[in-house]
1. Go over the candidates ARG115, ARG107 one by one and state the one that is more than 19 Å from THR68 (Cα to Cα), at pLDDT 95 or above, in contact with a strand residue (DSSP E or B) (Cβ under 8 Å, 6 or more places away or on another chain) and not small (Gly, Ala, Ser).
2. Which residues, taken from region 270-289, are closer than 11 Å to PHE208 by Cβ and not aromatic (Phe, Trp, Tyr)?
3. Might you let me know whether region 128-143 holds any residue that is within 16 Å of ASN64 (Cβ to Cβ) and either at pLDDT below 95 or surrounded by fewer than 24 Cβ atoms within 10 Å (Cβ to Cβ) (or both)?
4. I'd like to know if region 58-66 contains one or more residues that are surrounded by fewer than 18 Cβ atoms within 10 Å (Cβ to Cβ), over 20 Å from the mean Cα position of the chain (by Cα) and modelled with pLDDT of 95 or more.
5. What pairs can you find where one residue is in region 1-20 and at pLDDT 60 or above, the other is hydrophobic (A, V, I, L, M, F, W, C), and their Cβ atoms are less than 7 Å apart, with a gap of 6+ or different chains?
6. With the requirement that a residue be among the hydroxyl-bearing types (Ser, Thr, Tyr) and over 21 Å from PHE185 (Cα atoms), what does region 83-115 give you?
7. Within region 289-329, count every residue that is small (Gly, Ala, Ser) and either surrounded by 14 or more Cβ atoms within 10 Å (Cβ to Cβ) or not assigned by TED's automatic domain parsing to the domain that holds ARG52 (or both).
8. Any residue that is surrounded by fewer than 24 Cβ atoms within 10 Å (Cβ to Cβ) and in a loop (DSSP other than H, G, I, E, B) - is there at least one of those in region 238-254?
Amino acid sequence: MTVMEQRGAYRPSPPPAWQPRTDPAPLLPDAEPYRVLGTEAAGKADPDLLRRLYAQLVRGRRYNTQATALTKQGRLAVYPSSTGQEACEVAAALVLEERDWLFPSYRDTLAVVARGVDPVETLTLLRGDWHNGYDPHAHRVAPLSTPLATQLPHAVGLAHAARLKGDDVVALAMVGDGGTSEGDFHEALNFAAVWQAPVVFLVQNNGFAISVPLAKQTAAPSLAHKAVGYGMPGRLVDGNDAAAVHEVLGDAVRHARAGGGPTLVEAVTYRIEAHTNADDATRYRGDAEVEAWRAHDPIRLLEQELTTRGLLDEPGVEAARQDAEEMAADLRERMNQEPELDPMALFDHVYAETTAQLREQRALLRAELEAEQERNDAQEGGAR
């Protein structure tokens, strides 16, 4: 018998009193994504909430189309559209209390705007003017995260610190399916479960990590199934059903706030547009696949539910569209203005207390700018 055969024949028995630390059954997600719209559960949904979700979905769709147009005009360096994913974006923002924190990824501009951040300030990073264009503390929204999944450990740290301080705060961290392949994802979920931190992880499974399909990222039955390996509940929801996403996230937020620990929510959705304006999605997916998902459009699903129940009429639809157009017009006008950038602002917000090295660099830059100004003034004087 070979060494490998001897090892293979060895089957150690468990310790006498061994049992799982946690019963895995309650942590497992349902076999199918949870849905509300078009089911009996829709009749129990709050009409005012549904109308509010609808208005924000329409507004979000228009924001996506306007921001995409701005990239073509050279007003934005890049824009990762979330067209088709608006239900996830809006529900994530509306489910939180004012005291809670949102931790977005780079595609989550709609969630940031729905949370109350100025639409222009939200695009500052993507314009290339600043690393972040808004005050995170003012809105309780962390900076848009371009590196994949790095915002997740930050969310866990904030939520854990808030609980230690006795603050009634929940953090909701958003990430794409591609981000679940990063080490930060594992570390965040592991720490969150061990510490029982009040944090909710929302994975927007839109089918692709740029051009890499989900099947080439993971062999798990679903991304929600990954939760059980860390000891937290996993929930699977139709990410184009705004009412369902809001309900599932609401349950998870209440669970976390009550001391129940973290939850991993997978929202099954689809990225209708390319990864960014620099991507050619036709190289890795067909038109038929995209069109099939257009038939499951989040705005259409919610509009059908509202009109069927008599909660939305044509004037209501037009009012939502008009509000979205006014937002887009204001965004377009303000983004077409040339930004006034101060080179000295490079040193702002680097550290809470400015270091000696930064003070030295600031003084050097100031001297160079003043010298350049003197040269320009001298040239103008000579020309006269």
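1. Only one candidate qualifies: ARG115.
2. Step one: filter region 270-289 for residues closer than 11 Å to PHE208 by Cβ, giving 270-271, 274-275, 279, 281, 284-285, 289.
Hits for region 270-289 are ARG271, ALA274, HIS275, ASP279, ALA281, ARG285, GLU289.
3. No, region 128-143 contains no residue that is within 16 Å of ASN64 (Cβ to Cβ) and either at pLDDT below 95 or surrounded by fewer than 24 Cβ atoms within 10 Å (Cβ to Cβ) (or both).
4. no
5. none
6. Here is the first cut: in region 83-115, the residues among the hydroxyl-bearing types (Ser, Thr, Tyr) are 83, 105-106, 109.
Across region 83-115, the qualifying residue is only THR83.
7. Adding up the residues that qualify gives 5.
8. No, region 238-254 has no match at all.
The values are calculated or read from the model by the stated rules, or taken from the named source; none is laboratory data. Just so it is clear, the model here is predicted, and its values are computed rather than measured. Using ideal geometry, Cβ is built from the backbone for each residue, glycine included, and neighbour counts are taken over all protein chains shown.
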